Amino acid sequence: MFSSDYISRLSRLIFQVITLAFVSLFLILPLCVIISESFGGGLKAYLNAISHPDTLLALGLTFLAVIVTLPLNVLFGIVAAWALTKYEFRGKSLLSALIDLPFAVPPVIAGFILILYLGKHGVFGSLLEKFDLNIIFSTPAIVIATLFVTIPFVARELIPLMQEQGTEEEQAAVSLGASTLQTFFYVTLPNIKWALLYGIILTVARSMGEFGAVSVLSGHIRGKTVTLPLHIEILYNEYNFTAAFAVSSLLMLLALLTLIAKEFFFWKLNSGGSVHQVQEDTVPGDPAS
Amino acid sequence: MKKTGSQNHFLPGFGLSLGFTLVYLSLLVLVPLSLLSFRALSLDGTLYRDIFQDPRTLAAFKLTFASSFIAAGLNLIFGFIVAWTLVRFPFPGCSFIDALIDLPFALPTAVSGIALTSLYVRSGMVGRYLDIFGIQVAFAPLGVVVALSFISLPFVIRSLQPALKDIEREYEEAAISLGASPISVFFAVIFPAIRPALLTGFSLAFARALGEYGSVVFISGNMPMKTEIISLLIAGRMEQFDYDGATALAAVTLLASFMILLSIHLIQWHYSRKIQPRS
Amino acid sequence: MSIEVQHISKCFGAFQALHDVSLRVEEGELMALLGPSGSGKTSLLRIIAGLDSPEAHPDAKVMMNNENMIHTRAGNRKVGFVFQHYALFRHMTVFDNIAFGMRMRPKKERPSKKEMKDRVEQLLNLIQLENMGNRYPMQLSGGQRQRVALARALAIEPKVLLLDEPFGALDARVREDLRKWLRRLHKEIQITSLFVTHDQEEALELADRIVVMNEGRIEQIGTPDEVFHQPRTEFVMQFLGSVNLFHGRIERGEAVFGPWKVPGLLGKCPEGTAARLFVRPYDITVQPDQQEYEGTIAFIRRIQSAGPHVKMELEPESGERVIVEISHERHATLKPRVGEKVLVSLRNARVFTEDYTI
């Protein structure tokens, strides 16, 4: 018979080996392949690929989508989390579920819905038609699609935290004469800043990489409505693998930076709540002293 | 949504914040979604009949739902092992692995798609070894499963980790002291404790996998009847400006996925009701 | 500043927390709102602070110095509120916490940096945390946090101080020390104060007057002496201090509770009315079973002599058991034994019937 100590050490080892093998094969190997493939044609080919005007245009559009999406969805996330956690009203859980809804809509379907909504024959689209505006297959479409798929991220990070923190500090602020805005900026925001940054990082990562919704809305007009992920697709379908991987390596770098930032914010978020044990002090003396 | 209790909350701004939330959500999500439902309801019924009679569409449905289900299931197993190791058997470099778990989420799916494809094609780093055994991953249904497993991995692990951390070692020790074997400890003590987290992780992974497009289009080869997913069919209809066909497909897909997610929620609710004391 | 509330009701869904409550706190008074949890005391305090609003009623008023503030925002009521769990801003130092109220004022009314610093230091002095200004709330003990919360409330120079269970979350010993300290502080600054507590000892020791609340209604308002010695309702009698309760009814003008009889009710109560008799454990005389003494015969069932008094459980020949408290001196002369027969008589017994009280 084996001793129970032996079994527990063996099972520990088995778990660790499986984990290491799984992570290396499944997560690390794809990263290696991106790097090796992107430098497969030499450094010069790599630099050519990432400095190609089309790549730069795609980078610009991706950047634009992030820049427009981020403030809007951050504002929405904060306001929605504020409404859901600081006030009592009926239908709260329904609203909370609605905020999550974009998660459950496949991106391609999201893109299609937006075509129905904004396209020539859509409700909103026919209105835009009158002003001779065509949103579909243009930059605004890309931005709106990105907006749609990243709606829940900030709110999702903030709601549980704000729920847990309750409203006592806000009540204290109000009783001390602070206005609603003052209460938010001086009391609520400092308490949620790391969770907010965490949500921002998730939003950036997703808006940078969104493919499905953007793909059906862009019309693939090269150099005009192509984001970096779409640019990769075009290069790949042209069998220009080295260039496709070179551009991918850029996005991979951004993803890794995202992970680092995310780890940092997450660490900050969780270290903020550490409790120091404090000995009860001596008896207070006379207040007059 | 009427505010209960007093009309005059200690913190002014309720109307404004709720109003903004509702308007924003309506403009971007609710109105577009209801537009789809109206359109779907006003369609000719034959369109729906066609969906269920067209073998190509049916094959796509089968592939999408089956591979999402398998991918989420595989992630439950491997996700549990990884999460358990990270929580219980940490080793040097564990925090690096822990950070890396979110990679599939942070990496744009198109990038994941081409990376996985070049790994798993016949001449690829992994594919060449699998080829010896006659296993084909890229441009085969298996490739779809691999891609979906990859992109949905973080959802399972991130749901499991906090639940595993919460399990007190005392419970296991109590079970062992009562003579339970490691396997019965798992099924009697650990599994019930993490069941809600497993269900949450599964439903998140499944939902994500159902809608995945970016990585699959590269690795699957998009062969009709064989490796075509629904998202691709919908995109195809749109490219041909067959909006009615796309509407019908989208409506059926959304309905099916909502119903699956809802039933997972119901299972979860059923179990949570058992555990929590009635208040 | 005096506080007066009139016709205040409050509902939370189907639960009515306050039923038409009216109350006046005089200028400079330290008043306690005493009651069990769910009695509505915290709701009343929050309504006075403006953190909750009462149900609409044409005569509902929250007056400060005879001026109706019911529609005034919490921040403009000049009220200092101390929260049960302190609600200190966790990301701010003690100094910033205390200065918060001053910093939130509109620019014109805001004191200068120097004035603010002086004021905060003065308050830190008052709460005896002179060197703690740079600490964060997490680094303080419960008692220290409580004092910071108080200083923060005082920093806005409130006309009224409201405290919600100020010592509820503290250890017994710290609680007692802070109680004494608060009493002295109140004497020092003479600010109209209203505090909520469920601890009768706290209320009796600290307050000038006590408001006893139950199920959203005021049972009695009076000095600690009045509510303790002349309880107006059964609830007050039972809530403040321990008490023996006997159930009985009116028979021929006497209230009869097993072996005990209380005369003097002839013509005042109809026959057969249910009545309840209350008597404090120390208001019971115990004598040896000898000729010269009078009383009801009872047997000693249990004696517990540890503690400030000696407690005995007596069983009369008929009727309910009685708890008696006697002094250790009396115990020494009486030398009671378990199983012994003694004579028992009641003093200061109070009888409550449906609509009559002696």
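When the alpha carbon gyration tensor of chain C is reduced to an equivalent ellipsoid, the three semi-axes, largest first, read 48, 26, 14 Å.
Computed from the alpha carbon positions, the gyration tensor of region C:1-117 leads to an equivalent ellipsoid with semi-axes of 30, 18, 14 Å, biggest first. Charged side chains reduced to their Cβ positions (Lys and Arg at +1, Asp and Glu at -1) give chain A a dipole of some 780 debye around its Cα centre. Within chain C, which is the longest segment containing none of the GluC sites (Glu not before Pro) that sit in a DSSP loop and have at most 10 other Cβ atoms within 10 Å? No qualifying site falls inside C:1-270, the longest such stretch. In this structure, the amide hydrogen of B:Phe139, modeled 1.01 Å from its nitrogen in the peptide plane, lies closer than 5 angstrom to those of B:Ser220, B:Gly221, counting only residues at least 5 positions away or on a different chain. The count of lysine pairs in region C:244-352 whose Cα atoms are under 27 Å apart, excluding pairs fewer than 8 places apart on the same chain, comes to 4. A crude spin-label estimate for the pair A:Arg12 and B:Ser34, with each label 7 Å from Cα along the Cβ direction, gives 5.9 nm. With just the Cα atoms defining each centre, how far is region B:210-264 from region C:278-333? Give it in Å. So the separation of the two Cα centres works out to 86 Å. Placing pseudo-labels 7 Å out from each Cα toward the beta carbon at B:Ala256 and C:Lys341 gives an inter-label distance of 9.2 nm.
Using R₀ = 60 Å, calculate the FRET efficiency as 1/(1 + (r/R₀)^6) where r is the Cβ-Cβ separation of C:Glu234 and A:Leu257; round to 0.05. FRET efficiency, C:Glu234 to A:Leu257: 0.25.
Taking trypsin sites (Lys or Arg not before Pro) as exposed when DSSP calls them loop and at most 11 other C-beta atoms lie within 10 angstrom, chain C has its longest site-free stretch at C:1-251. With axes computed from alpha carbons, what is the tilt in degrees of helix A:241-271 against the longest principal axis of chain A, rounded to the nearest 10 within 0 to 90? It is inclined by approximately 0 degrees. Phi angles of region C:207-222 translate, via the Karplus equation with coefficients 6.51, -1.76, 1.60 and θ = phi - 60°, into HN-Hα couplings of 7, 6, 9, 10, 9, 8, 10, 8, 6, x, 10, 7, 8, 7, 10, x Hz per residue; Gly and Pro are given as x. Structure remark: mean-square fluctuation, Gaussian network model of chain C, C-alpha springs under 10 Å; the largest value among C:Met69, C:Met312, C:Met237 belongs to C:Met312. In chain B, Cα pairs under 8 Å separated by at least six residues give a relative contact order of 27 percent. Which whole-number percentage describes the relative contact order of region A:24-271, with Cα contacts under 8 Å and a sequence gap of 6 or more? Here the relative contact order equals 34 percent.
Phi-derived couplings, Karplus 6.51 cos²θ - 1.76 cosθ + 1.60 at θ = phi - 60°, listed residue by residue for region C:160-174: 9, 10, 10, 10, 9, 6, x, 10, x, 9, 10, 5, 4, 6, 4 Hz, with x used for Gly and Pro.
For region A:47-57, putting each phi into the Karplus relation 6.51 cos²θ - 1.76 cosθ + 1.60 with θ = phi - 60° gives couplings of 5, 4, 5, 7, 9, 4, x, 4, 4, 5, 4 Hz, in residue order, rounded to whole numbers and with x for Gly and Pro.
Is it possible to state the helix-based mean residue ellipticity at 222 nm for chain B, with each DSSP H run of 4+ residues giving -39500 (n - 2.57), the sum divided by total residues, to the nearest 500 deg cm²/dmol? What is it?
Numbers: 15 runs with 205 residues, N = 279.
That calculation yields -23500 deg cm²/dmol at 222 nm.
By the count of neighbouring beta-carbon atoms within 10 Å, fewest first, B:Ser257, A:Ser51 end up ordered A:Ser51, B:Ser257. What FRET efficiency comes out for the pair B:Asp44/A:Lys44, r = Cβ-Cβ distance, R0 = 51 Å, nearest 0.05? Rounded to the nearest 0.05, the efficiency is 0.30. Computed over region C:244-352, the P(r) tail beyond 20 angstrom holds 41 percent of alpha carbon pairs. Its residue count N sets the reference 2.2 N^0.38 Å, and the alpha-carbon radius of gyration of region B:186-279 equals 1.48 times that reference.
Would you be so kind as to identify all helices of chain B, as entire DSSP H runs, whose Cα atoms reach 18 Å or more along the helix's own axis and whose mean Kyte-Doolittle hydropathy is at least -0.5?
B:55-88, B:141-166, B:191-211, B:243-275
In this simple spin-label approximation, C:Asp171 and C:Ser242 carry label points 7 Å from Cα along the Cα→Cβ vector, and these lie 2.6 nm apart. Let a ≥ b ≥ c be the square roots of the eigenvalues of the Cα gyration tensor of region B:45-275; is it rounded (a/c under 1.5), or, if not, prolate (a/b larger than b/c) or oblate? Oblate shape, in that a/c is at least 1.5 and b/c is the bigger or equal ratio. A straight line joining the Cα centroids of region C:226-248 and region A:57-105 runs 58 Å.
The helix-only estimate of mean residue ellipticity at 222 nm for chain C, built from DSSP H runs of length n ≥ 4 each weighted as -39500 (n - 2.57), is -7500 deg cm²/dmol after division by the residue total. With N counted as the residues of region A:24-271, its alpha-carbon radius of gyration over 2.2 N^0.38 Å works out to 1.17.
Taking amide H atoms as placed 1.01 Å from N in the peptide plane, the amide H of C:Met213 lies under 5 Å from those of C:Leu34, C:Gly35, C:Glu219, each 5 or more residues away in sequence or on another chain. Within the protein assembly as shown, the proportion of Cα pairs with more than 41 Å between them is 55 percent.
Restricting the count to DSSP beta bridges whose residues both fall in chain C, what percent are antiparallel, rounded to a multiple of 5?
Details: 56 of 74 bridges.
The antiparallel proportion sits near 75 percent.
Would you calculate, for chain A, the mean residue ellipticity at 222 nm contributed by helices, counting each DSSP H stretch of 4 or more residues as -39,500 (n - 2.57) and dividing by all residues, to the nearest 500?
Working: 14 runs with 209 residues, N = 289.
Using -39500 (n - 2.57) per qualifying helix, the result is -23500 deg cm²/dmol.
Can you give the FRET efficiency for C:Lys108 and C:Arg184, using 1/(1 + (r/R0)^6), R0 = 25 Å, r = Cβ-Cβ distance, to the nearest 0.05?
E between C:Lys108 and C:Arg184, to the nearest 0.05, is 0.10.
Ranking B:Gly221, B:Pro108, B:Gly179 by how far each Cα lies toward the positive end of the dipole of region B:45-275 (charges on Cβ) leaves B:Gly179 at the top. Of interest is the spacing of the C-alpha centroids, which for region B:68-123 and region C:166-211 amounts to 59 Å.
Here, each number is a calculation from the coordinates, and none is a lab measurement. This one's a predicted model, so the numbers in the text were calculated from it and none came from an experiment. Heads up, the Cβs are rebuilt from the backbone with ideal geometry, glycines too, and the neighbour counts pull from every protein chain shown.
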